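A quick write-up on the structure given underneath.
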Amino acid sequence: MNAAPKPMTVPELAEAKQNGRKLVMLTAYDAGFARTLDANGTDILLVGDSLGMVVQGADSTLPVTVADIVYHTRCVASATHRALVLSDLPFQADATPERALDAATALLQAGAGMVKLEGAGHKLQTIRFLVEREIPVCGHLGLTPQSVLRFGGYKVQGRGEAAADRLLADARAVAEAGAAMLVLECVPSSLAAEITAAIDIPTIGIGAGPGCDGQVLVLHDMLGLDSGHRRPRFVKDFLGEGGSVAGAVRAYAEAVRSGAFPDEEHSYA
């Protein structure tokens, strides 16, 4: 009789970086897909506020609530045995450390093993506040979708010397505040590689080039499904070469671990 798979833990994320093993992340929103992703090589399942756009049909992630993320986290966690479940703190759930603690507690009680929040600045206090209370945190810098109104759209971040220096400083600050992992979204490849080398915690790229310690895609994008939104440059459809959902997940995981994805075509200069 085969032993149950050993769950991925937060300390193993740092070990993967130290050992040069690329981490594979995909978004998941329900038990059926979570079961398939978990069984086919995915290390981390992100219950992302992207569900607002690909599941609920909204134009942004802003309408997503804590209750939405809690519900989908419970669905995903119920079918996950090996992967680490990472859940987003949705828009304004982390406006204060106390609000973030309440939301993060609900997410961990629903089955998450870590929570993700966007930004630096005043969010550094929140990261420290959560970590001091035994809640593992993943940061998110670069294009932070909850800032879409301030950014004026979904745009590459960190271009130009001043912007690059600011992003590098923010990444160092997020790591120093106690985050155990950092997502870099829509960042020039060279800058993402510099950040990855400069901090001890693993980086997960999405539109941030091959120099990160791992990669993430929205599940619907990885499967080539029409989300009703413009497909970003960094998206690749793996369903065609995989032949099935399970095959697509395996093809994506193998491409990430081998360094074949993302290539120059799916990255930003």
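What follows is calculated from the coordinates using simple rules that are stated; it is not laboratory data. Just so we're clear, the structure is a prediction, and the values are computed from it rather than from any experiment. Neighbour counts run over all protein chains shown; Cβ positions are idealised from the backbone, glycine included.
Assessment of the range 99-114 against the conditions (of a type outside the set (Val, Ile, Thr), crowded, with 24+ Cβ neighbours inside 10 Å, out of contact with any strand residue (DSSP E or B) (no Cβ under 6 Å at 6 or more places or on another chain) and over 23 Å from Thr9 (Cβ atoms)) yields no matching residue.
When the test is whether a residue is touching a Gly at 6+ places or on another chain (Cβ under 8 Å), surrounded by fewer than 23 Cβ atoms within 10 Å (Cβ to Cβ) and either in a helix (DSSP H, G or I) or free of Cβ contacts under 8 Å to residues at least 24 places away in the same chain (or both), Arg128 passes it.
Can you work out which of the residues in the range 239-269 that are touching a strand residue (DSSP E or B) at 6+ places or on another chain (Cβ under 8 Å) and among the aliphatic types (A, V, I, L, M) is farthest from Arg35 (Cα to Cα)? Lay out the reasoning, then the answer.
Step one: filter the range 239-269 for residues touching a strand residue (DSSP E or B) at 6+ places or on another chain (Cβ under 8 Å), giving 249, 252-253, 256-257, 261-262.
Filter once more, so that each one left must be among the aliphatic types (A, V, I, L, M): 249, 253, 256.
Details: Val249: 11, Ala253: 15, Val256: 20 Å.
Filtering the range 239-269 for residues that are touching a strand residue (DSSP E or B) at 6+ places or on another chain (Cβ under 8 Å) and among the aliphatic types (A, V, I, L, M), the one farthest from Arg35 (Cα to Cα) comes out as Val256.
For the range 31-62, filtering for residues that are at positive phi and free of Cβ contacts under 8 Å to residues at least 24 places away in the same chain leaves 0.
If you check Leu13, Leu89, which single one turns out to be crowded, with 18+ Cβ neighbours inside 10 Å, under 25 Å from Val256 (Cα atoms), hydrophobic (A, V, I, L, M, F, W, C) and under 18 Å from the mean Cα position of the chain (by Cα)?
After applying the criteria, what remains is Leu13.
Just one of the listed residues (Val70, Val64, Val76, Val10) is farther than 20 Å from Glu185 by Cβ, of a type outside the set (Lys, Arg) and in contact with a Pro (Cβ under 8 Å, 6 or more places away or on another chain), namely Val10. Here the condition is being surrounded by fewer than 24 Cβ atoms within 10 Å (Cβ to Cβ), of a type in the set (A, V, I, L, M, F, W, C) and farther than 25 Å from Leu219 by Cα; of Ala77, Ala120, it holds for Ala120 alone.
Conditions (1) out of contact with any helix residue (DSSP H, G or I) (no Cβ under 9 Å at 6 or more places or on another chain); (2) assigned to a helix (DSSP H, G or I), marked per residue:
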{"position": "Arg21", "(1), (2)": "no, no"}
{"position": "Cys75", "(1), (2)": "no, yes"}
{"position": "Thr105", "(1), (2)": "yes, yes"}
{"position": "Ala112", "(1), (2)": "no, no"}
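Is there a residue being crowded, with 21+ Cβ neighbours inside 10 Å, closer than 24 Å to Gln146 by Cα and in contact with a Cys (Cβ under 6 Å, 6 or more places away or on another chain) anywhere in the range 207-223? Yes, there is a match, as at least one residue in the range 207-223 is crowded, with 21+ Cβ neighbours inside 10 Å, closer than 24 Å to Gln146 by Cα and in contact with a Cys (Cβ under 6 Å, 6 or more places away or on another chain).
Residues in the range 134-170 that are in contact with a Leu (Cβ under 6 Å, 6 or more places away or on another chain), of a type in the set (Gly, Ala, Ser) and either in contact (Cβ under 8 Å) with a residue 40 or more places away in the chain or exposed (fewer than 15 other Cβ atoms within 10 Å of the Cβ) (or both): 2 in all.
Being small (Gly, Ala, Ser), surrounded by 14 or more Cβ atoms within 10 Å (Cβ to Cβ) and in contact (Cβ under 8 Å) with a residue 12 or more places away in the chain is the filter here; which residues of the range 229-246 pass it?
So the first thing to find is which residues in the range 229-246 are small (Gly, Ala, Ser), and the list is 240, 242-244, 246.
Narrowing further to those that are surrounded by 14 or more Cβ atoms within 10 Å (Cβ to Cβ): 242, 246.
Within the range 229-246, Ala246 is the sole residue that qualifies.
The set of residues in the range 4-19 being in contact with a helix residue (DSSP H, G or I) (Cβ under 9 Å, 6 or more places away or on another chain) and either in a helix (DSSP H, G or I) or free of Cβ contacts under 8 Å to residues at least 12 places away in the same chain (or both) consists of Lys17 alone.
Out of the range 23-49, which residues are polar (S, T, N, Q) and in a loop (DSSP other than H, G, I, E, B)?
Filtering the range 23-49 down to residues polar (S, T, N, Q) leaves 27, 36, 40, 42.
Passing the criteria: Asn40, Thr42.
Going by the structure shown, is Ile201 out of contact with any Pro (no Cβ under 9 Å at 6 or more places or on another chain), surrounded by fewer than 22 Cβ atoms within 10 Å (Cβ to Cβ) and closer than 30 Å to Ala173 by Cβ? For Ile201, the condition - out of contact with any Pro (no Cβ under 9 Å at 6 or more places or on another chain), surrounded by fewer than 22 Cβ atoms within 10 Å (Cβ to Cβ) and closer than 30 Å to Ala173 by Cβ - is met.
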